[in-house]
Amino acid sequence: MKIHFVASSSDTAQSALERLSRKYGNAHLHNADFVVCLGGDGFMLEALHKVLDRSIAIYGMNYGTVGFLMNAANEGDLLRRLENAQPSVLHPLHMTATTSSGIVRSALAFNDVFLFRQTRQTSRIKIEIDGRTRLEELICDGIIVSTPAGSTAYNLSAHGPIVPLSSNILPLTPISAFRPRRWRGALLPSSAVVKLTLLDTEKRSTAAVADFTEIRDVAEVVVREDRTRKATILFDPDHGLSERIIAEQFVA
């Protein structure tokens, strides 16, 4: 079994990389059967982008904090754990952002795409779903389009709903909505095309973020799930991502 190890820059992850490489070797990515990611959820997101569309699965070991996308950092029986691990296929969101100066940039996100205000002024956002205007103006600090896997992250912190991995649903959640005050967001089919148009951009600058890609001063952002792209993440039996999403809803 050939394993390619990647590790975050933390001391604990780097120490684990040294130990595991010495014990199992460290194959080149192109020759490996598995990628083992040592770190936290943020580093796992970066690693998922690197294995995107490759016919190789990635297994995370938690040397970070929360570790929602990771397995326990048990180094002793790694080969057995890899053999028994259960796969979850993740499809990323595709973001196309147009800046106020007309520059168009694209990025992918396995967690979420979100907009947030850059100044003390609130953002004003028009929301269109599949070409139909659903909200003429949302006055807020920002808004999140989340994947099911990312629904337990920033989306949950903004009081958005957790959705099962197999639900084919994308939560759309406002961040500190001021008007309409009672709007709490929406649940959209994964096929939905979300268009977010920024109003009054000269006075109210807004940034867009797709995972770890940030684009400043956006005027328009279009988000859709890209079913043509995928990455496979592995979890220990009875500790898969679907189970974690369910369990997270019962945490006090």
Could you report the chain's accessible area per residue, 1.4 Å probe, as an integer in Å²? 48
GNM flexibility winner over the chain from 171, 92, 180 (Cα, springs under 10 Å): 180
As a test question: what accessible area, to the nearest 10 Å², does residue 34 have when a 1.4 Å probe is rolled over all protein chains in place? 40
Could you check what % of the DSSP bridge pairs in the range 1-155 are antiparallel, to the nearest 5? 60
Gained length - residue 101 relative to residue 250, 0.36 nm times residue gap less alpha-carbon distance: 49.1 nm
Listed residues 180, 215, 205: farthest to the positive end of the dipole of the range 162-245 (Cβ charges): 180
Accessible area of the chain belonging to carbon and sulfur atoms, whole % at 1.4 Å probe: 49
Answer with a single label: of [x] 10; [y] 22; [z] 31, which was calculated as percent of Cα pairs over 34 Å apart from the structure in view? [y]
What is the sum of charges, Lys and Arg at +1 and Asp and Glu at -1, for the other residues whose Cβ falls under 13 Å from the Cβ of residue 18? +1
Report the one residue of 65, 26, 47 whose Cα lies farthest in the direction of the positive end of the charge dipole of the range 22-66 (charges on C-beta: Lys and Arg +1, Asp and Glu -1; origin at the Cα centre). 26
Are any of the pairs 50/230; 2/23; 126/203; 126/195 more than 19 Å apart by Cα-Cα distance, and if so, which? none
Which residue fluctuates most in the GNM of the chain (Cα springs below 10 Å): 62, 71, 84? 84
Sort the following peptides by mean Cβ neighbour count (other Cβ atoms within 10 Å, averaged over residues), highest first: 132-140, 40-48. 40-48, 132-140
Under a Cβ-only charge scheme (Lys and Arg +1, Asp and Glu -1), can you give me the dipole magnitude of the range 141-232 about the Cα centre, in debye to the nearest 20? 320
Please state, as a whole number in µm²/s, the translational diffusion coefficient that the Stokes-Einstein equation yields for the range 58-159 at 37 °C and 0.692 mPa s, with Rh defined as the Kirkwood radius across alpha carbon pairs. 194
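The values are calculated or read from the model by the stated rules, or taken from the named source; none is laboratory data. Quantities reported herein were computed from a predicted structural model and do not represent experimental measurements. FYI the Cβ positions are ideal-geometry reconstructions off the backbone, even for glycines, and counts take in every protein chain you see. All accessible areas refer to the heavy atoms of the entire protein, side chains included, with ligands and DNA or RNA removed. Shrake-Rupley method; radii C 1.70, N 1.55, O 1.52, S 1.80 Å.
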